[in-house]
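Let me begin by presenting the structure, written as C-alpha coordinates, before commenting on it.
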Amino acid sequence: MAYFHPQLVHFAIALLVVGVVLRLISLAGRPAFVAPAAFTLILLGTVAATLAVQSGVAAHGPVERVPGARDAVVEHEEWGIRTRNVFFGVIAVEAIALLLWRSPRRRVAYALSSVLGIAGLFCLYEAGEHGGHLVYGYAGGVGIRSGDPADVDRLLLAGLYNGAQAERKAGRGQEAAKLMALAAERHPNDAEVQLAAAESLLLDRKDAHAAIEKLRAIQPPHENRSLRIRHGLMTADALEASGQKDGAAAVVQALLTEYPDVPRLKQRLDTLK
(Lines give C-alpha, C1' and ligand atoms only; values in the text may rest on other atoms or scores of the structure.)
Protein backbone atom coordinates (compact mmCIF):
# COMPACT_ATOMS: atom_id res chain seq x y z
CA MET A 1 0.00 0.00 0.00
CA ALA A 2 3.01 2.30 0.31
CA TYR A 3 2.71 3.46 -3.30
CA PHE A 4 -0.82 4.84 -2.73
CA HIS A 5 0.00 6.88 0.38
CA PRO A 6 -0.21 10.33 -1.33
CA GLN A 7 -3.58 9.55 -2.93
CA LEU A 8 -5.06 8.18 0.29
CA VAL A 9 -3.85 11.16 2.29
CA HIS A 10 -5.51 13.63 -0.07
CA PHE A 11 -8.78 11.70 -0.04
CA ALA A 12 -8.73 11.69 3.77
CA ILE A 13 -8.10 15.43 3.95
CA ALA A 14 -10.89 16.33 1.51
CA LEU A 15 -13.49 13.99 2.99
CA LEU A 16 -12.81 14.82 6.64
CA VAL A 17 -12.66 18.59 6.19
CA VAL A 18 -15.93 18.72 4.25
CA GLY A 19 -17.53 16.20 6.59
CA VAL A 20 -16.74 18.19 9.74
CA VAL A 21 -17.87 21.44 8.11
CA LEU A 22 -21.19 19.83 7.19
CA ARG A 23 -21.54 18.51 10.74
CA LEU A 24 -21.14 22.04 12.06
CA ILE A 25 -23.76 23.26 9.60
CA SER A 26 -26.10 20.46 10.67
CA LEU A 27 -26.24 21.91 14.19
CA ALA A 28 -28.62 24.50 12.75
CA GLY A 29 -31.07 21.70 12.00
CA ARG A 30 -31.40 22.34 8.30
CA PRO A 31 -31.22 21.63 5.47
CA ALA A 32 -32.21 18.05 6.21
CA PHE A 33 -29.68 16.37 3.91
CA VAL A 34 -26.68 17.91 5.70
CA ALA A 35 -26.73 15.62 8.76
CA PRO A 36 -26.60 12.29 6.87
CA ALA A 37 -24.16 13.76 4.34
CA ALA A 38 -21.82 14.77 7.17
CA PHE A 39 -21.93 11.26 8.66
CA THR A 40 -21.24 9.66 5.28
CA LEU A 41 -18.25 11.89 4.52
CA ILE A 42 -16.77 11.54 8.00
CA LEU A 43 -17.12 7.75 7.79
CA LEU A 44 -15.47 7.62 4.37
CA GLY A 45 -12.78 10.06 5.50
CA THR A 46 -12.02 7.95 8.58
CA VAL A 47 -11.66 4.87 6.39
CA ALA A 48 -9.32 6.84 4.11
CA ALA A 49 -7.34 8.08 7.14
CA THR A 50 -6.98 4.51 8.41
CA LEU A 51 -5.70 3.35 5.04
CA ALA A 52 -3.40 6.39 4.86
CA VAL A 53 -1.85 5.45 8.20
CA GLN A 54 -1.36 1.85 7.08
CA SER A 55 0.18 2.91 3.78
CA GLY A 56 2.38 5.44 5.56
CA VAL A 57 3.68 2.82 7.95
CA ALA A 58 4.42 0.59 4.96
CA ALA A 59 6.28 3.43 3.23
CA HIS A 60 8.32 4.82 6.10
CA GLY A 61 11.20 2.30 6.14
CA PRO A 62 13.27 3.54 3.18
CA VAL A 63 12.50 7.20 4.03
CA GLU A 64 13.49 6.75 7.67
CA ARG A 65 16.89 5.39 6.61
CA VAL A 66 17.78 8.65 4.87
CA PRO A 67 20.36 10.30 7.17
CA GLY A 68 18.72 12.94 9.35
CA ALA A 69 15.13 12.14 8.32
CA ARG A 70 14.08 9.74 11.09
CA ASP A 71 12.70 12.34 13.52
CA ALA A 72 10.64 13.99 10.78
CA VAL A 73 9.23 10.59 9.76
CA VAL A 74 8.30 9.73 13.34
CA GLU A 75 6.57 13.07 13.95
CA HIS A 76 4.53 12.78 10.76
CA GLU A 77 3.56 9.22 11.60
CA GLU A 78 2.52 10.13 15.15
CA TRP A 79 0.25 12.93 13.99
CA GLY A 80 -1.29 10.66 11.37
CA ILE A 81 -2.10 8.06 14.04
CA ARG A 82 -3.56 10.76 16.32
CA THR A 83 -5.79 11.93 13.49
CA ARG A 84 -7.07 8.42 12.85
CA ASN A 85 -7.73 7.79 16.54
CA VAL A 86 -9.61 11.06 17.06
CA PHE A 87 -11.86 10.30 14.12
CA PHE A 88 -12.48 6.82 15.50
CA GLY A 89 -13.93 8.71 18.46
CA VAL A 90 -15.96 10.91 16.13
CA ILE A 91 -17.42 7.83 14.42
CA ALA A 92 -18.33 6.37 17.83
CA VAL A 93 -20.24 9.55 18.71
CA GLU A 94 -21.86 9.56 15.26
CA ALA A 95 -23.04 5.99 15.90
CA ILE A 96 -24.63 7.13 19.15
CA ALA A 97 -26.34 9.95 17.25
CA LEU A 98 -27.81 7.38 14.87
CA LEU A 99 -29.25 5.45 17.82
CA LEU A 100 -30.79 8.72 19.03
CA TRP A 101 -32.22 9.54 15.60
CA ARG A 102 -35.69 10.35 16.93
CA SER A 103 -34.50 11.84 20.22
CA PRO A 104 -33.81 15.53 20.90
CA ARG A 105 -30.56 14.43 22.53
CA ARG A 106 -29.24 13.65 19.06
CA ARG A 107 -28.24 17.33 18.78
CA VAL A 108 -26.03 16.93 21.85
CA ALA A 109 -24.28 14.03 20.13
CA TYR A 110 -23.85 16.13 17.00
CA ALA A 111 -22.35 18.95 19.08
CA LEU A 112 -19.87 16.54 20.69
CA SER A 113 -19.05 15.12 17.25
CA SER A 114 -18.38 18.66 16.03
CA VAL A 115 -16.02 19.41 18.91
CA LEU A 116 -14.12 16.15 18.38
CA GLY A 117 -14.14 16.79 14.63
CA ILE A 118 -12.48 20.18 15.10
CA ALA A 119 -9.84 18.52 17.28
CA GLY A 120 -9.41 15.90 14.56
CA LEU A 121 -8.94 18.59 11.91
CA PHE A 122 -6.21 20.15 14.04
CA CYS A 123 -4.45 16.78 14.16
CA LEU A 124 -5.04 16.39 10.42
CA TYR A 125 -3.46 19.79 9.78
CA GLU A 126 -0.43 18.88 11.88
CA ALA A 127 -0.07 15.55 10.08
CA GLY A 128 -0.23 17.34 6.74
CA GLU A 129 2.19 20.05 7.83
CA HIS A 130 4.70 17.49 9.11
CA GLY A 131 4.20 15.42 5.95
CA GLY A 132 4.91 18.45 3.79
CA HIS A 133 8.02 19.20 5.83
CA LEU A 134 9.16 15.60 5.40
CA VAL A 135 8.65 15.67 1.63
CA TYR A 136 9.92 19.17 0.84
CA GLY A 137 12.49 19.52 3.61
CA TYR A 138 13.97 16.02 3.51
CA ALA A 139 12.86 14.74 0.07
CA GLY A 140 11.05 11.98 1.96
CA GLY A 141 9.87 9.41 -0.54
CA VAL A 142 10.80 11.58 -3.51
CA GLY A 143 12.49 9.50 -6.20
CA ILE A 144 12.02 6.16 -4.43
CA ARG A 145 8.23 5.79 -4.39
CA SER A 146 7.99 4.00 -7.73
CA GLY A 147 11.12 1.91 -7.32
CA ASP A 148 12.28 3.13 -10.76
CA PRO A 149 16.04 3.92 -10.80
CA ALA A 150 15.31 6.71 -13.28
CA ASP A 151 13.31 8.50 -10.58
CA VAL A 152 16.28 8.34 -8.22
CA ASP A 153 18.50 9.73 -10.97
CA ARG A 154 16.10 12.65 -11.48
CA LEU A 155 16.15 13.23 -7.72
CA LEU A 156 19.94 13.41 -7.79
CA LEU A 157 19.84 15.78 -10.76
CA ALA A 158 17.40 18.07 -8.92
CA GLY A 159 19.68 18.00 -5.88
CA LEU A 160 22.75 18.88 -7.92
CA TYR A 161 20.97 21.69 -9.78
CA ASN A 162 19.40 23.26 -6.68
CA GLY A 163 22.62 22.80 -4.75
CA ALA A 164 24.46 24.69 -7.50
CA GLN A 165 21.89 27.50 -7.38
CA ALA A 166 22.36 27.79 -3.61
CA GLU A 167 26.15 27.86 -3.95
CA ARG A 168 25.93 30.51 -6.67
CA LYS A 169 23.62 32.65 -4.56
CA ALA A 170 26.06 32.36 -1.64
CA GLY A 171 28.90 33.54 -3.87
CA ARG A 172 30.67 30.17 -4.04
CA GLY A 173 30.95 29.94 -7.79
CA GLN A 174 33.58 27.24 -7.92
CA GLU A 175 31.47 24.92 -5.77
CA ALA A 176 28.45 25.61 -7.96
CA ALA A 177 30.48 24.78 -11.06
CA LYS A 178 31.63 21.47 -9.56
CA LEU A 179 28.03 20.41 -8.93
CA MET A 180 26.91 21.31 -12.44
CA ALA A 181 29.92 19.55 -13.94
CA LEU A 182 28.91 16.39 -12.07
CA ALA A 183 25.35 16.74 -13.36
CA ALA A 184 26.66 17.11 -16.92
CA GLU A 185 28.89 14.09 -16.50
CA ARG A 186 25.95 11.96 -15.38
CA HIS A 187 23.67 13.19 -18.20
CA PRO A 188 25.89 13.50 -21.28
CA ASN A 189 23.00 13.20 -23.74
CA ASP A 190 20.60 15.63 -22.06
CA ALA A 191 20.76 18.96 -23.87
CA GLU A 192 19.11 20.86 -21.01
CA VAL A 193 21.62 19.59 -18.47
CA GLN A 194 24.51 20.37 -20.82
CA LEU A 195 23.17 23.89 -21.32
CA ALA A 196 22.98 24.39 -17.55
CA ALA A 197 26.59 23.21 -17.28
CA ALA A 198 27.66 25.62 -20.02
CA GLU A 199 25.88 28.43 -18.20
CA SER A 200 27.77 27.48 -15.05
CA LEU A 201 31.08 27.76 -16.90
CA LEU A 202 30.11 31.27 -17.91
CA LEU A 203 28.59 32.48 -14.64
CA ASP A 204 30.46 30.50 -11.99
CA ARG A 205 33.91 29.88 -13.48
CA LYS A 206 33.87 33.08 -15.58
CA ASP A 207 35.38 31.04 -18.42
CA ALA A 208 33.70 32.31 -21.57
CA HIS A 209 35.95 30.34 -23.93
CA ALA A 210 35.19 27.03 -22.19
CA ALA A 211 31.48 27.90 -22.28
CA ILE A 212 31.68 28.59 -26.04
CA GLU A 213 33.36 25.24 -26.68
CA LYS A 214 30.73 23.41 -24.67
CA LEU A 215 27.88 25.26 -26.38
CA ARG A 216 29.28 24.34 -29.80
CA ALA A 217 29.04 20.68 -28.83
CA ILE A 218 25.35 20.97 -27.91
CA GLN A 219 22.77 20.43 -30.62
CA PRO A 220 19.27 21.32 -29.34
CA PRO A 221 16.46 19.41 -31.09
CA HIS A 222 15.16 21.43 -34.03
CA GLU A 223 11.55 21.07 -32.83
CA ASN A 224 12.40 22.43 -29.36
CA ARG A 225 11.94 26.15 -29.95
CA SER A 226 12.57 27.33 -26.37
CA LEU A 227 15.74 25.28 -26.02
CA ARG A 228 17.10 26.55 -29.34
CA ILE A 229 16.46 30.16 -28.29
CA ARG A 230 18.05 29.58 -24.91
CA HIS A 231 21.09 27.94 -26.54
CA GLY A 232 21.47 30.82 -28.99
CA LEU A 233 21.16 33.55 -26.37
CA MET A 234 23.61 31.77 -24.11
CA THR A 235 26.05 31.47 -27.00
CA ALA A 236 25.67 35.19 -27.64
CA ASP A 237 26.37 35.93 -23.98
CA ALA A 238 29.49 33.79 -24.03
CA LEU A 239 30.74 35.38 -27.25
CA GLU A 240 30.13 38.86 -25.88
CA ALA A 241 31.95 37.98 -22.66
CA SER A 242 34.93 36.79 -24.71
CA GLY A 243 35.05 40.06 -26.65
CA GLN A 244 33.38 38.75 -29.83
CA LYS A 245 30.49 41.21 -29.94
CA ASP A 246 29.98 40.97 -33.70
CA GLY A 247 29.77 37.20 -33.48
CA ALA A 248 27.23 37.49 -30.67
CA ALA A 249 25.11 39.86 -32.78
CA ALA A 250 25.27 37.45 -35.73
CA VAL A 251 24.00 34.59 -33.55
CA VAL A 252 21.08 36.67 -32.25
CA GLN A 253 20.29 37.94 -35.75
CA ALA A 254 20.07 34.36 -36.99
CA LEU A 255 17.71 33.52 -34.15
CA LEU A 256 15.58 36.58 -34.90
CA THR A 257 15.33 35.57 -38.55
CA GLU A 258 14.12 32.14 -37.49
CA TYR A 259 11.83 33.38 -34.72
CA PRO A 260 10.74 36.94 -35.63
CA ASP A 261 7.86 36.83 -33.12
CA VAL A 262 10.10 36.76 -30.05
CA PRO A 263 10.53 40.34 -28.70
CA ARG A 264 13.43 39.54 -26.39
CA LEU A 265 15.56 38.56 -29.39
CA LYS A 266 15.07 42.03 -30.90
CA GLN A 267 15.84 43.60 -27.53
CA ARG A 268 19.01 41.53 -27.14
CA LEU A 269 20.14 42.43 -30.65
CA ASP A 270 19.60 46.12 -29.89
CA THR A 271 21.86 45.88 -26.82
CA LEU A 272 24.60 44.31 -28.94
CA LYS A 273 24.35 46.98 -31.62
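A count restricted to the stretch 75-115 and to residues that are without any contact (Cβ under 8 Å) to a residue 60 or more places away in the chain and out of contact with any helix residue (DSSP H, G or I) (no Cβ under 8 Å at 6 or more places or on another chain) stands at 12. Annotation: of all residues in the stretch 197-220 being within 28 Å of the chain's Cα centre (by Cα) and either over 15 Å from E167 (Cα atoms) or not in a loop (DSSP other than H, G, I, E, B) (or both), the one that is modelled with the lowest pLDDT is P220. Among the residues of this structure, A119 counts as one that is of a type outside the set (V, I, T), surrounded by 15 or more Cβ atoms within 10 Å (Cβ to Cβ) and within 30 Å of V74 (Cα to Cα).
Is it the case that the stretch 167-180 has a residue that's assigned to a helix (DSSP H, G or I) and under 18 Å from G68 (Cβ atoms)? The answer is no, given that none of the residues of the stretch 167-180 is assigned to a helix (DSSP H, G or I) and under 18 Å from G68 (Cβ atoms). Answer yes if at least one residue in the stretch 210-228 is within 25 Å of A170 (Cα to Cα) and surrounded by fewer than 18 Cβ atoms within 10 Å (Cβ to Cβ), and no otherwise. Yes, because at least one residue in the stretch 210-228 is within 25 Å of A170 (Cα to Cα) and surrounded by fewer than 18 Cβ atoms within 10 Å (Cβ to Cβ).
Restricting V86, V73, V63 to those that are at pLDDT 95 or above, of a type in the set (A, V, I, L, M) and crowded, with 17+ Cβ neighbours inside 10 Å reduces the list to V86.
Counting the residues of the stretch 179-209 that are farther than 22 Å from S242 by Cα, crowded, with 16+ Cβ neighbours inside 10 Å and free of Cβ contacts under 8 Å to residues at least 24 places away in the same chain gives 3. For the stretch 128-151, state whether one or more residues are small (G, A, S), over 30 Å from E78 (Cβ atoms) and either in a loop (DSSP other than H, G, I, E, B) or in contact with an Asp or Glu (Cβ under 7 Å, 6 or more places away or on another chain) (or both). No: zero hits.
The values are calculated or read from the model by the stated rules, or taken from the named source; none is laboratory data. These numbers were taken from a predicted model, which means no experiment stands behind them. Don't worry about glycine lacking a Cβ; one is built from the backbone with ideal geometry, like all the others, and counts go over all protein chains shown.
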